[in-house]
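Take a look at the structure set out below.
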Amino acid sequence: MGCFNFIKVMMILFNMLIFLCGAALLAVGIWVSVDGPSFMKIFGPMSSTAMQFVNVGYFLIAAGAVLFALGFLGCYGAHTESKCALITFFFILLLIFIAEVAAAVVALVYTTLAENFLTAVVVPNIKKEYGSQKDFTQVWNSTMAGLKCCGFTNYTDFEGSPYLRMHGTFPPYCCYNSVNHSFMEPCDIVNAHNMSVQGCFKQLLYDIRTNAVTVGGVAAGIGGLELVAMIVSMYLYCNLE
């Protein structure tokens, strides 16, 4: 009985932490959705690294809502010894775990497919918005400056864009010389072609692969915590009368 009570208390504390993290993510997600530029000014260029691949505000809101609900179910189920809440908690966590494993497999096996899909979505937006939409342009500038990359695939993404029509050149990041850390001017089509600056998607993949041990360790840690939480919730469920 002492072991059961200890596990019950740990379950409540763990899920209280998940509940608070979910509330924090919800708050940040709403902040980013309402006032993205202020968020980037406070947290710097790295805060926008992934903002062209997902809508960060909505992603944080969705993730925060899931964590909020999970934390509540876990706390409520353990505190009130509700079998219904505990089994619901278990199955939601199981679905998340399966989805994460599936996403990892798809990311590893179908990287090219993912790139083609994102290219079809992101590149038309660059051609339409870059140079005319302030927030969109600012996010891409921060991303290119942070990753030392050019466009989603390369400089051709900016052909036909408002920026090119307005300035007659490509963004300076497309003519970045990584050897002497300078920008070749003017950044016309000849210089952009000769510099062959990597697209941001490939650069992001390269950075992830370079830090594969860290990324893998974090993913394994999250998966381990999810497995432990599922085991504990099932233990409490099976030992309730």
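The values are calculated or read from the model by the stated rules, or taken from the named source; none is laboratory data. Everything quoted here is computed from the prediction, not taken from an experiment. Backbone-built Cβ (ideal geometry, glycine too); neighbour counts: all protein chains shown. Each accessible area value is taken on the protein alone, full model and side chains, heavy atoms only, with ligands, DNA and RNA left out. Shrake-Rupley method; radii C 1.70, N 1.55, O 1.52, S 1.80 Å.
The residue list PHE117, PHE97 contains one member that is of a type in the set (Phe, Trp, Tyr) and either surrounded by fewer than 16 Cβ atoms within 10 Å (Cβ to Cβ) or over 30 Å from LEU67 (Cβ atoms) (or both), which is PHE117. Any idea which residue in the stretch 186-236 is farthest from ASN15 (Cα to Cα), counting only those that are among the small types (Gly, Ala, Ser) and in contact with a Gly (Cβ under 8 Å, 6 or more places away or on another chain)? So the residue we want is GLY199.
If only residues of the stretch 116-170 that are at negative phi and charged (D, E, K, R) are counted, the one that is farthest from the chain's Cα centre (by Cα) is ARG165.
Contact map, the stretch 170-192: first residue among the β-branched types (Val, Ile, Thr), second residue modelled with pLDDT of 90 or more, Cβ cut-off under 8 Å, separation 6 or more or different chains; pairs are ILE189/TYR155; ILE189/PHE170.
Let's see how each residue does on (1) of a type in the set (Lys, Arg); (2) at pLDDT below 80; (3) closer than 13 Å to CYS200 by Cα:
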position	(1), (2), (3)
VAL101	no, no, no
THR119	no, yes, yes
VAL122	no, no, yes
GLY131	no, no, no
LEU147	no, no, yes
CYS150	no, no, yes
GLU159	no, no, no
GLY168	no, no, no
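Taking the stretch 219-241 as the range and being surrounded by 13 or more Cβ atoms within 10 Å (Cβ to Cβ) and among the charged types (D, E, K, R) as the test, only GLU226 passes.
Confirm whether VAL213 is at pLDDT 90 or above, farther than 24 Å from ASN125 by Cβ and either open to solvent by 40 Å² or more (accessible area, probe 1.4 Å) or over 29 Å from the mean Cα position of the chain (by Cα) (or both).
Working: at pLDDT 90 or above: no; farther than 24 Å from ASN125 by Cβ: yes; either open to solvent by 40 Å² or more (accessible area, probe 1.4 Å) or over 29 Å from the mean Cα position of the chain (by Cα) (or both): yes.
Criteria not met by VAL213.
Touching a residue at least 60 places away in the same chain (Cβ under 8 Å) and among the small types (Gly, Ala, Ser): does that describe ALA145? Give the steps one after another, and end with the answer.
Working: touching a residue at least 60 places away in the same chain (Cβ under 8 Å): yes; among the small types (Gly, Ala, Ser): yes.
The answer is yes for ALA145.
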